[in-house]
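First up is the structure itself, then whatever we jot down about it.
The values are calculated or read from the model by the stated rules, or taken from the named source; none is laboratory data. Remember, it's a predicted structure, so these values are computed and weren't measured experimentally. Quick reminder, even Gly has a Cβ in these numbers, built from the backbone with ideal geometry, and neighbours come from all protein chains shown.
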Protein chains: 2
Amino acid sequence: MAGRPVNHQRRADLLDAAVEYAIEHGFADLSWRPVAGALGVSTTTLVHHFGTKEQMLEVILGRLRERAFAATSEAVGDQPDLAAAARAVWTRTSDPRQWAEFRLFFAVYGRALQAPQQFAEFLDRVVTDWMRSLVEAQGPDADPATATRTATLVIATIRGLLLDLLATGDRDRVQDAAESFLATLEAGRGLTGRG
Amino acid sequence: MAGRPVNHQRRADLLDAAVEYAIEHGFADLSWRPVAGALGVSTTTLVHHFGTKEQMLEVILGRLRERAFAATSEAVGDQPDLAAAARAVWTRTSDPRQWAEFRLFFAVYGRALQAPQQFAEFLDRVVTDWMRSLVEAQGPDADPATATRTATLVIATIRGLLLDLLATGDRDRVQDAAESFLATLEAGRGLTGRG
DNA sequence: GAATTTCTAGAACGATCGTACAAGAAAATA
DNA sequence: TATTTTCTTGTACGATCGTTCTAGAAATTC
């Protein structure tokens, strides 16, 4: 009756390797043959496991978003409040060992902004996943409007600083600005209220 | 002796039209033939005026960066202080009529992060141009370290909020967060000091 | 008008793109 | 072992890519 079983692990391994390739070689010129060559398989193998190239791009960036979020969300969960959570997120994201991954993250982000229908899920979740995490970090008693406002600002500031850091490599200046922002958060003044 | 003179205006017009095309159709799949078709010229004409495709991309994104900066820098110059300058920048950049242009801006930004040697000038100036403008907005008497720190934070926050706005389209939430940040700036507390 | 240079267009080059097809090897069941 | 399904490969197709070449029209100086 049933023939050879589907090897899901094989597909997962290929996907991980493809994500690694994308992190190293970029996202703009990603095509079947170079990826297949780097992974030591034929293009047909990739087609068999991922379907079309568009579908492969979708699963790659989905995995990338998962990784970028998972790397920090677990740290957020352990923190007592938003300020500590924000500091934990910044500490992890500003680590030079993750620069290549975040360069790809912003490359995907930019491309998604110009093809919103193709990358709809990415655009949907690229903010909301972190929003939920940072709102929760403020505890159940926080005012929802204030919590949303503060979480939005924390996400935006961290990503903006990261954009600066990746473009200029000026760690001292960016870290200085980040410390200023985090200190403001930790002081609990100026960001939760309106005026 | 001298033959037909070089028509610089022609090249400038073609460049403007190419930038408009890029804003409308995106940056990822920009190639000679579609651009030439949209502009009503042959690919040879584009090659003649811009050389290689790589060179055309460079001048396009240079022009784009000029436009993005010029649209706000003049507003900054008229403001009395940093808080007013930041508000003027945010008001202009969050205008929906500029969304398409900023989508392209971030697409270029992301791509530049993955090809730093090709887009070296973009990466150099994408932060420093605004830095200079926002440091100047704080007046000659401001402490340089503080002015740099604050300018870095203002640029990062505005760009981060813009990333959110372009991805989610949630104007109410993002504007709420922006108002919170601008209010903090206008109160002059929490961002200029370290603790 | 002759000479010279720029501008524009069309055709063609080799390379690479995504994808489809045919076929054999591998791994399960009956 | 026979059967069935998955996995993998090589080949090939049409399309598009950036670029080059050839040639004619346009604009200037002599």
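Quick notes on this structure:
- For the range B:23-67, the tally of residues that are within 21 Å of B:Q117 (Cβ to Cβ) and either surrounded by 18 or more Cβ atoms within 10 Å (Cβ to Cβ) or in contact (Cβ under 8 Å) with a residue 40 or more places away in the chain (or both) stands at 14.
- B:R87 satisfies every condition listed in (1) modelled with pLDDT of 95 or more; (2) crowded, with 17+ Cβ neighbours inside 10 Å; (3) more than 8 Å from chain A (Cβ to nearest Cβ); (4) farther than 22 Å from A:L153 by Cα except (4).
- As for the range B:33-54, it holds no residue that is assigned to a helix (DSSP H, G or I), within 17 Å of the chain's Cα centre (by Cα) and away from DNA strand C (no atom under 12 Å from the Cβ).
- Among the residues examined, A:A147 does not qualify as assigned to a helix (DSSP H, G or I), small (G, A, S) and more than 14 Å from every other protein chain (Cβ to nearest Cβ).
- The one condition in (1) in a helix (DSSP H, G or I); (2) away from DNA strand C (no atom under 16 Å from the Cβ); (3) farther than 16 Å from B:E101 by Cβ that B:Q9 fails to fulfil: (2)
- You will find that of B:D95, B:D81, the residue that is away from chain A (no Cβ under 13 Å), closer than 19 Å to B:L163 by Cβ and either in contact (Cβ under 8 Å) with a residue 24 or more places away in the chain or surrounded by fewer than 16 Cβ atoms within 10 Å (Cβ to Cβ) (or both) is B:D95 and no other.
- Some residue of the range B:48-57 being more than 15 Å from DNA strand D (Cβ to nearest atom) and either within 14 Å of chain A (Cβ to nearest Cβ) or hydroxyl-bearing (S, T, Y) (or both): no
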